[in-house]
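The values are calculated or read from the model by the stated rules, or taken from the named source; none is laboratory data. If you're wondering where the values come from, they're calculated on a predicted model, not measured in any experiment. Virtual Cβ from ideal backbone geometry, glycine too; neighbours counted across all protein chains shown.
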Amino acid sequence: MAKAIGRGRGPTIIDVARVAGVSKMTVSRVINNEAGVRDGTRKAVLAAIRTLNYEPNIAARTLVTAGEARVGVVYSNPSAAFMSDFLIGVFEEAAAKGVRLTLVKGEDGLAPPEAELRRMAQGVDGVVLAPPLGELPAIRQVLSDAHLPTAVVAVGQPTGEGISVRIDDWQASHDMARHLLSLGHRRIGFIAGNPDQSSSALRLEGCRAAVDATPGAELIIAQGAFSYTSGLRAAEWLLDEACPPTAIFASNDDMAAAAVSVAHRRHLDVPRDLTVVGFDDTTVATTLWPPLTTIRQPVRQMAATALELLMGAIRNGAPAAGDHLLSHALVERQSTAPPNRARAPAPALS
């Protein structure tokens, strides 16, 4: 059943899109009799137009002809370096495709206020969600209510709804753990990411699988939250162990950088006394000393691909769906070495 139209105004293109369950751009393509719209979608739009007695205005008729589209970008992530790469990827793709962006920011990995999300939803044709927001049911519900196509980036386990662009977190973490094991490390500290994100669990399980398959190897797990501060706490805890690890694998570069800082404060040389590796290959990985060995997650490419796929779905009137897996790489730099058997990490300074 169609939702009631507000008193004092006639139906709008947004109302038609809502009733038909499509984007505003798809409605405009049908109004302009453009090619590339599926028959079922076209019929649904025409039926909604008849039901609402909608009369297209000039703005609606020229929306697609002018090539204009608006996409909301919702982001909130404790890693400034990750978000910088994500936004650059979105901005570059938007500039190439002539897409106007509406940015909505949450704080510390939390969703923006629902009222702000609903205001945004009224003025865009689709939405790109940065991690961890693609896994928050409250946000997905707002976008579902608005019948907006969505694309989520870097979600470990896709929900099956909308477009997802990601890497294989389990395999990437497994590759890094095997690299540490190949160097001779048998006591590995792992700093886990935010427990509310599926990628965190996959990275932990990938590392655990490699360690469990190696006789004599042991994994020590410390909880982090993908922030530098949480990495400091986790690294301190790991190095306070009676028998501390000879290598620390952090679930992102921010926490790995924190582990390097803790090592330096304890007068430990990285990598001679302690190997430290990260995940993401953000700018953090190459701006500290020593540069980090890390997993390259192509964040900019993932963000750009998400926007490209979303725009294809919007402009073609096709369902926005599909799981798209991009390649990762293990990047070796100067933060790794075989374990120093002559010296174990020292306890915290008093």
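Set side by side, the residues Pro195, Pro137, Pro158 differ, and just one is surrounded by fewer than 23 Cβ atoms within 10 Å (Cβ to Cβ), of a type outside the set (Gly, Ala, Ser) and touching an Asp or Glu at 6+ places or on another chain (Cβ under 6 Å), which is Pro158.
In this structure, does Gln171 turn out to be in contact (Cβ under 8 Å) with a residue 60 or more places away in the chain, farther than 21 Å from Ala259 by Cα and buried (at least 18 other Cβ atoms within 10 Å of the Cβ)?
No; evaluated as a whole, the condition is false for this residue.
Looking at the range 1-79, the helices (runs of 4 or more DSSP H) lying wholly inside it that each contain 2 or more residues that are modelled with pLDDT of 75 or more sit at 13-20, 24-31, 39-52.
Taking the criterion of being within 13 Å of Glu218 (Cβ to Cβ) and either surrounded by fewer than 24 Cβ atoms within 10 Å (Cβ to Cβ) or at pLDDT below 95 (or both), the residues of the range 243-266 that qualify are Cys243, Pro244. Residues that are surrounded by fewer than 23 Cβ atoms within 10 Å (Cβ to Cβ) and farther than 23 Å from Ser164 by Cα within the range 198-209 comprise Arg208, Ala209, listed in sequence order.
Can you go through Arg315, Arg300, Arg343 and tell me which one is among the basic types (Lys, Arg), closer than 16 Å to Phe86 by Cα and modelled with pLDDT under 95?
Arg300
Apart from one condition, Asp212 fits all of (1) in contact with a helix residue (DSSP H, G or I) (Cβ under 8 Å, 6 or more places away or on another chain); (2) free of Cβ contacts under 8 Å to residues at least 40 places away in the same chain; the exception is (1).
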